[in-house]
1. Look through VAL237, VAL231 and report the one residue that is buried (at least 16 other Cβ atoms within 10 Å of the Cβ), in contact with a helix residue (DSSP H, G or I) (Cβ under 8 Å, 6 or more places away or on another chain) and part of a loop (DSSP other than H, G, I, E, B).
2. Just checking, which of ALA221, ALA190 is under 28 Å from TYR45 (Cβ atoms) and at pLDDT 95 or above?
3. So, in the range 38-50, how many residues would count as being among the aromatic types (Phe, Trp, Tyr) and either without any contact (Cβ under 8 Å) to a residue 40 or more places away in the chain or surrounded by fewer than 24 Cβ atoms within 10 Å (Cβ to Cβ) (or both)?
4. Going residue by residue through the range 101-114, is there one that turns out to be farther than 26 Å from ASN233 by Cα and not polar (S, T, N, Q)?
5. Considering every residue within the range 80-90, establish whether at least one is in contact with a helix residue (DSSP H, G or I) (Cβ under 6 Å, 6 or more places away or on another chain) and either closer than 25 Å to ALA242 by Cα or in contact (Cβ under 8 Å) with a residue 60 or more places away in the chain (or both).
6. Which of (1) under 16 Å from the mean Cα position of the chain (by Cα); (2) closer than 26 Å to PHE198 by Cα does LEU83 not meet, given it meets every other one?
7. May I ask you to list the residues in the range 81-135 that are buried (at least 21 other Cβ atoms within 10 Å of the Cβ) and of a type in the set (Ser, Thr, Tyr)?
8. I want to confirm something. Restricting to the range 1-37 and keeping residues that are on the phi > 0 side of the Ramachandran plot and among the small types (Gly, Ala, Ser), which single residue is most open to solvent (accessible area, probe 1.4 Å)?
Amino acid sequence: MELRVADNSVYAYTGGKTFGVKLPAVVFIHGGEQDHSVWALQSRYLAHHGYGVLAVDLPGHGRSGGAPLATIEDMAGWIVALLDAAKVNAATLVGHSMGSLIALECAARHPERIRRVALLGSAFPMRVSPDLLQATKSRESDAHGMINAWSHSAYAHYPSNPGPGFWVIGGNLRLMQRQKPGVLHADFAACDAYKTGFERAAQLKCPALFLLGARDAMTPARAGRDLARAVPNSTVVTLGSAGHNLMGEKPDEILDALVDFLRA
């Protein structure tokens, strides 16, 4: 589905079904240096089971035009503009990593537009080490290697790979490599600079689900639980043997948790 937001083209995957504005809307927000494709299983399932799905490419990512936005606050405002463009009055937001901060900021600032939020691989503060942040600016290939190693519970997934024939590590690396130059640094700098996570968490009025990886080295589960404690109405599910790439390593478990959350 193609939309226009702030004079730029925006791509949103609708799960193989025509987006219906009268259906309960779910907006999927990807993490740094990624795009809508990380939500392939979850978005397609929900689209075929009674939901209107928008798995978006953020500005400058994937098939969306424009430049990447510089702050989490700007990205949260962009999500509201996306809802307006899609003629959606209110939606559930599902965000991973950077996307979880966007969902949190958006829901706190616009409670009338957000019914509930699911925050995957979330933590606050979402600081980035100075060495990694510098690598995202000047040595993207090195940064990709570091991120990929820290995003997974194990380097070799056979024989427990959730999708036979699919290489979790290689797929994630290729996804990062196909993003535009400069996107990685913009995304990680935005996460590193975000300061109001606990404040926004305390302001959250809708139900919140936290899905955390027990072996997440990028956004440790303990930091996710700290953030969840600041939310008035939150549920925490910690997935054992999962790293930061939750949708790649635990696709079925993530889908099951989202379905239960949406039906509650």
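1. Selected residue: VAL231, the only one of VAL237, VAL231 that is buried (at least 16 other Cβ atoms within 10 Å of the Cβ), in contact with a helix residue (DSSP H, G or I) (Cβ under 8 Å, 6 or more places away or on another chain) and part of a loop (DSSP other than H, G, I, E, B).
2. Numbers: ALA190 fails: under 28 Å from TYR45 (Cβ atoms).
When all the criteria are applied, what remains is ALA221.
3. So the count comes out to 1.
4. Going residue by residue through the range 101-114, those that are farther than 26 Å from ASN233 by Cα are none.
Looking through the range 101-114, none of the residues is farther than 26 Å from ASN233 by Cα and not polar (S, T, N, Q).
5. No, the conditions are met nowhere in the range 80-90.
6. (1)
7. Scanning the range 81-135 gives THR92, SER97, SER100, SER122.
8. ALA6
The values are calculated or read from the model by the stated rules, or taken from the named source; none is laboratory data. Keep in mind that this is a model prediction, so the values were computed, not measured. Counting neighbours? That spans all protein chains shown, and the Cβs are built from the backbone with ideal geometry, glycine included. Calculation scope for accessible area: heavy atoms of the full protein, side chains included, ligands and nucleic acids excluded. Shrake-Rupley method; radii C 1.70, N 1.55, O 1.52, S 1.80 Å.
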